[in-house]
1. Could you list, in sequence order, the residues of region 54-77 that are in a loop (DSSP other than H, G, I, E, B) and crowded, with 16+ Cβ neighbours inside 10 Å?
2. Give the residue that is surrounded by the most Cβ atoms within 10 Å (Cβ to Cβ), with candidates limited to residues of region 108-154 that are part of a helix (DSSP H, G or I) and in contact with an Asp or Glu (Cβ under 8 Å, 6 or more places away or on another chain).
3. Could you figure out which of (1) surrounded by 16 or more Cβ atoms within 10 Å (Cβ to Cβ); (2) touching a helix residue (DSSP H, G or I) at 6+ places or on another chain (Cβ under 8 Å); (3) at pLDDT 95 or above isn't true of Glu34?
4. Would you mind stating whether Gly200 is closer than 30 Å to Gly246 by Cα, touching a helix residue (DSSP H, G or I) at 6+ places or on another chain (Cβ under 8 Å) and either surrounded by fewer than 22 Cβ atoms within 10 Å (Cβ to Cβ) or not aliphatic (A, V, I, L, M) (or both)?
5. Determine, yes or no, whether Ser258 is in contact with a Cys (Cβ under 9 Å, 6 or more places away or on another chain) and hydroxyl-bearing (Ser, Thr, Tyr).
6. Being of a type outside the set (Gly, Ala, Ser), touching a His at 6+ places or on another chain (Cβ under 6 Å) and in contact (Cβ under 8 Å) with a residue 60 or more places away in the chain: is that true of Pro281 here?
7. Quick check: is even one residue across region 240-252 in contact with a strand residue (DSSP E or B) (Cβ under 7 Å, 6 or more places away or on another chain) and among the hydroxyl-bearing types (Ser, Thr, Tyr)?
8. Kindly establish whether Leu102 is in a helix (DSSP H, G or I), surrounded by 15 or more Cβ atoms within 10 Å (Cβ to Cβ) and not β-branched (Val, Ile, Thr).
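The values are calculated or read from the model by the stated rules, or taken from the named source; none is laboratory data. Just so it is clear, the model here is predicted, and its values are computed rather than measured. Here the Cβ positions follow ideal geometry from the backbone for every residue, glycine too, while neighbour counts run over all protein chains shown.
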Amino acid sequence: MSHSSLPGRRDILKLAPAAMALSPILSSNLFAQEKSRFQFCTFTKPLQHLSYSEMAKAIAAMGFDGIEGPVRPGGHVVPERVEEDLPKMVEALKAEGLDLTLMTSAISEVSDEQFTEKVLRTAAGLGVKRFRMGYYKYDLAKPIAPQLDEFRPRLKDLVALTNELGIKPVYQNHSGKNYFGGPIWDMAELFDEFDPKEIGVAFDIGHATVEGAKAWPLNFARIQPYVDTIYVKEPAWKDNTLSWGGVGEGAVDKAFFSLLKKSDFSGPISLHVEYLGHQDPEIVPAVLKAIEKDFATLKELLA
């Protein structure tokens, strides 16, 4: 980012009162440049108790560009009703100037059970550009390496379909003892067989921190050619127990955001605020406040 057009430090110090008034404007302008580079969305899983219109109005009021919307079993749109309900969600978003930036699915293969073609064809027809895949999981009672050969044909068939439909699958690295993609290297091994235009990664710095600790820069560098979307969430440990909380308050290395700014990444950044829960409708006002607070912190980290 070029700062050549901004006042120099000495100039500002000479005009202290004016500088104090100008400071919020400069900060806003810096973030505006990042906002034009990134597309900010938030995962709306905790807001499924709201109507599509209520949810869209609340998210737009905070200044997001779009949402990451759950279209999966138990989601804001369920696969069985995707043809009826997804257009309603997209219409409500468009009415507030928002996009369905990323559709979260449970799709990990081409199958009738997952309503794969029905969901993806409907989404692509509505202009949705990318969807988060469902997870592959290892059977820890079996050797690990051969299981990659079991995932490979499922992924190949899915990518062939998504290429045809014009919608891109992205896979999240998720922490856990049996998640494919958790350690990054296994995901990289399979993805190296595809062009980054065909498949991407939703790089989750929170889960990368849980699994990689101080190795996250190495893991990020390994998978970076495939990074399509960034997930922001914050893990923390107390008494060796993992928990999740507000952005900037946990274990994520803030150097990640500096590295992100210096990189050539210019895709979506999805803010995940799930630490207050999602099952109780009465928690929605608190969730909205938490999203607003964490988004403000995220803007500070990137501006």
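1. Residues satisfying the conditions are Phe64, Asp65, Arg72, Gly75, His76.
2. Top of the filtered list is Thr122.
3. (3)
4. Numbers: closer than 30 Å to Gly246 by Cα: yes; touching a helix residue (DSSP H, G or I) at 6+ places or on another chain (Cβ under 8 Å): yes; either surrounded by fewer than 22 Cβ atoms within 10 Å (Cβ to Cβ) or not aliphatic (A, V, I, L, M) (or both): yes.
Yes: the conditions hold for Gly200.
5. Numbers: in contact with a Cys (Cβ under 9 Å, 6 or more places away or on another chain): no; hydroxyl-bearing (Ser, Thr, Tyr): yes.
It is false that Ser258 is in contact with a Cys (Cβ under 9 Å, 6 or more places away or on another chain) and hydroxyl-bearing (Ser, Thr, Tyr).
6. Working: of a type outside the set (Gly, Ala, Ser): yes; touching a His at 6+ places or on another chain (Cβ under 6 Å): yes; in contact (Cβ under 8 Å) with a residue 60 or more places away in the chain: yes.
Yes: the conditions hold for Pro281.
7. Yes - at least one qualifying residue is present in region 240-252.
8. Values: in a helix (DSSP H, G or I): no; surrounded by 15 or more Cβ atoms within 10 Å (Cβ to Cβ): yes; not β-branched (Val, Ile, Thr): yes.
No; evaluated as a whole, the condition is false for this residue.
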